[in-house]
1. Going through R60, R81 one at a time, which residue ends up being open to solvent by 70 Å² or more (accessible area, probe 1.4 Å), modelled with pLDDT under 80 and among the basic types (K, R)?
2. Can you list the helices (runs of 4 or more DSSP H) lying wholly within region 10-81 that have 2 or more residues being touching a residue at least 12 places away in the same chain (Cβ under 8 Å)?
Amino acid sequence: NKVLNPSQMRTTYGKLMYLLQDAQNPTVAKSLGFSLHKDLVLVGPYLEQYDMQDLLFDPRLIGATVHLSGKNEQTGQRLPRETLAQ
């Protein structure tokens, strides 16, 4: 089934999501000649595989994964790239 949210699906990303959703149809997958399905790889089991579970407890992890908004929260204006890097 397709996710139907027209205001959020007009971008290139949204069009790609529609393409991926269509490709799950067995008829479409057969005509493409390949499947776009791939199992998820979860972080925990992946790190265990390489004996790197301690990485999840590294104090720098939060700073490395924090969301950076590209807009000023008060004005909504875009921030210069240099400001985001700080």
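1. R81
2. 12-23, 43-49
The values are calculated or read from the model by the stated rules, or taken from the named source; none is laboratory data. Only a predicted model underlies this, so the values are computations on that prediction, with no experimental measurement involved. Heads up, the Cβs are rebuilt from the backbone with ideal geometry, glycines too, and the neighbour counts pull from every protein chain shown. What goes into the accessible areas is simple: the full protein's heavy atoms, side chains included, and nothing from ligands, DNA or RNA. Shrake-Rupley method; radii C 1.70, N 1.55, O 1.52, S 1.80 Å.
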